[in-house]
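The next block holds one structure in the form of structure tokens; read it before the comments.
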Amino acid sequence: MSLWFTQVVVRCSLRSCIYSVKYCSSTVAGKNSCSSKQQLSHIYGTRQIHSWRATSFKNPVRFYSLDASLEPEKVVSPSVEGSLVLDEIQHPTDQRQGRSIFFKLLQQCSSPSDVLDLSQKYAATPRQISNCLTYMWSSIKKMSDEQRRCEVQLMFEHSAFEQLLGNAMTNVGSMQNEDLAYSLLAMVNLGVPQRSRVVQLYLRACQEKLNGFDEKSLSILASCLENMESTPNAVALKQGLRSAVEALLPRIKNIVALQTVMRLLGKDMPLDLKRKLERKAFSMTEQFTVPNTHHMISTMAKMGFYSKPLLDFCSQRITENLHGVPFNRLLKVLLSCRELRYRDLTLLTGISDYIASTIDIWSQKEVVLFLSMFENLAFCPASLMAAFAQRVIANPDTLTLKDLLCVLKVYSSLNYCLQLDREQFLQSLSKTLDFYLHSMSSSQLLKACYCLCLLGHFPFAPLEKLLQGATNLEVLRREAATYVKKQEQMFQTLHLCLHLDQPVLPKPLSVPATMLGEGTSIVSSVNPSLSQLLRNFLADQADVVLQEMVTVENVYFIDAVISKAVAKQTLSEETQLQRMAVLCPAPSAFCFGTSQPRGPLAVKLRHLKLLGYIPITITEQVLKSEEKATQLLTQEIFPERTIST
């Protein structure tokens, strides 16, 4: 064991020495070369030399893989990333042997510095220049952050880097289209300034040769342009690429290349071109792999194009192949669905059930993010919410403050009923809330109390701190200038919950009148279809009174109130009036695909019942069918007629 340890230490020491020598030699070479600065000036322009190096050291080049981050960062297309391989095709036979030696040595390089050292030993051909640049980028991507910072610094200080870029400028006219596209992509990803002469020269060369680009070269170029600055040459090339794609479209055979180009053209492309791309993609659905379906949905989101046939096809394929799909891909599908405002009940249910059945393999953060995405889509993932509730009950201490606030929002917004485990789950959340009570901001505390009140749960400690802490209320008043209406609505709900639900608390609590605002303003009119339906339905009913546009408790708006005399059970009883509150909520007030009311509507219905009303909800979908709406009203207002028939 000691011998092995000694060998490891010696090996690491040697590696450090070699690394230091490389750095020193490259630095000395940069200082002593009288032509280095002139060469930099020729390649980048005199104004950019110092700014480029300074920026490069402060902001290391960033490299991303498709699933590297949840943030909306710039991602290199998987098609290009997967195809960055060294090849020797299309070389004359008599030159292959010498080039084979170069490529074998290049494949042995483990860093950009190794590549640059190798490039100094050979009179590089255009293909070798392109492969050097590409291999430098590929090798940096595989490194850790610390290694990456060191290697980027070494690369920028290496005199051979300027020489390589100079050779790239000299040979730009001799390059094949694919080499040209790969070289431009590599330079941009390595951090060469996009307004430098070398990059602008390559942009102009691509413009001149654009008509000769095949689908692979166009795909590489599209990946590069997707994240480039809007310089005149880049803008002109994007416009030219749009025309080239339209002309090449019938000959494109690779779905990944098509998706890459679709992403580049983006939201501002003409609608007729979007339709052509849609038809082309749909004609290639037999080639779609499961990753292709994931990428197609995100591609349509990038284009801002809603194609129901394509989305439905991709949704079906994804639902049938959920097993083993990683977290980032599933989350990206849900994000894209939200951006496109596309919801497929089978897809959402399938993803929810899959995560619920494999909940042990997902981290707390991942499950919370899934729940948040489902809530954004107004979809209630019942199986997942039940499974996650059991995890919270078993280990409530694992929730961070951010997790807690998100969970409270999701469960209250979707109005999910846990039935037997409800109280235990809410008590677990309250316990965790008490733990974070002293580290929460006033706005966070208000949101947490509001969500718990929607769920019909009233923990005393948070409510007392919110309502009787003068400091908290003062802070909220100062913050109210930015979102005063939202705060007033939350305080109004808190006030009504304390007033109507009448929770048992150690001492009475009330919301200060200064935080309640002026109440809900009455809308201008009731839904005309609903008003006409009610008038026709009750036209021949003498013992029924219809009153439209009613506001209750200065907060809740009711479309119509129907008052009906209830028959006496005995002679001694007084005649009673039965009040029915007819509501026509927007579709967004319900969980997608169900008649389950979401949080705000659910608490409104609960409070109307406490005020003595019988709530009747008529959705806009039901209202479209007069027969269904009439049948519903008959069942709710005159149940005896339904029984008799």
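The values are calculated or read from the model by the stated rules, or taken from the named source; none is laboratory data. Model, not experiment: these values are computed from the prediction. Every residue, glycine among them, receives a Cβ derived from its backbone with ideal geometry; neighbour counts consider all protein chains shown. Heavy atoms of the whole protein, side chains included, go into the accessibility calculation; ligands, DNA and RNA do not. Shrake-Rupley method; radii C 1.70, N 1.55, O 1.52, S 1.80 Å.
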*segment 256-341 - percent of accessible surface contributed by carbon and sulfur, probe 1.4 Å*: 52
*Sort all Cα-Cα distances of segment 130-194 into consecutive 5 angstrom bins from zero, then give the percent of pairs in each bin up to the one containing the longest distance.*
4, 17, 28, 27, 14, 7, 3, 0
*Any chance you could run the full-extension gain for Asn321 through Lys485? It's 0.36 nm times the residue separation minus the Cα-Cα distance, nm to one decimal.*
54.6 nm
*Answer with one residue from Thr231, Ile220, Ser174: the one whose Cα lies farthest towards the positive end of the charge dipole of segment 167-236, charges on Cβ with Lys, Arg +1 and Asp, Glu -1.*
Thr231
*With labels modelled as points extended 7 Å from the Cα through the Cβ direction, what inter-label distance (nm, one decimal) is found for Arg341 paired with Glu627?*
3.1
*Which pairs break 29 Å Cα to Cα here: Lys308/Lys447; Lys238/Lys276; Lys308/Lys332; Lys276/Lys365; Lys447/Lys564; Lys141/Lys308?*
Lys308/Lys447; Lys276/Lys365; Lys447/Lys564; Lys141/Lys308
*How long are the three semi-axes of the equivalent ellipsoid of segment 344-434, in whole Å, if each is the root of 5 times an eigenvalue of the C-alpha gyration tensor, listed from largest down?*
20, 13, 13
*Would you mind counting up the charge near Ala581? Only other residues with Cβ under 11 Å from its Cβ, with Lys and Arg at +1 and Asp and Glu at -1.*
+1
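For segment 221-288, count the residues as N, evaluate 2.2 N^0.38 Å, and divide the Cα radius of gyration by that value, please.
1.10
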*segment 236-299, accessible area per residue, ligands and nucleic acids excluded (1.4 Å, Å²)*: 43
*Once you charge only the Cβ atoms, +1 for Lys and Arg and -1 for Asp and Glu, what is the size of the charge dipole of segment 105-174 about its Cα centre, to the nearest 20 debye?*
260
*List, in the order given, every pair from Lys216/Lys253; Lys209/Lys302; Lys253/Lys280 whose Cα-Cα distance in the structure shown is over 18 Å.*
Lys209/Lys302
*Based on the Cβ-Cβ distance of Gln108 and Met169, what FRET efficiency does E = 1/(1 + (r/R0)^6) give at R0 = 22 Å, to the nearest 0.05?*
0.20
*asked:* Using protein chains only and a probe of 1.4 angstrom, how many square angstrom of Tyr416 are accessible, to the nearest 10?
replied: 50
*Once you list every other residue whose beta carbon is under 14 Å from the beta carbon of Ala448, what net charge do they have if Lys and Arg are +1 and Asp and Glu are -1?*
+2
_Using the crude model of +1 on Lys and Arg Cβ and -1 on Asp and Glu Cβ, and no other charge, please compute the dipole size for segment 148-211 relative to its Cα centre, in debye to 20._
220
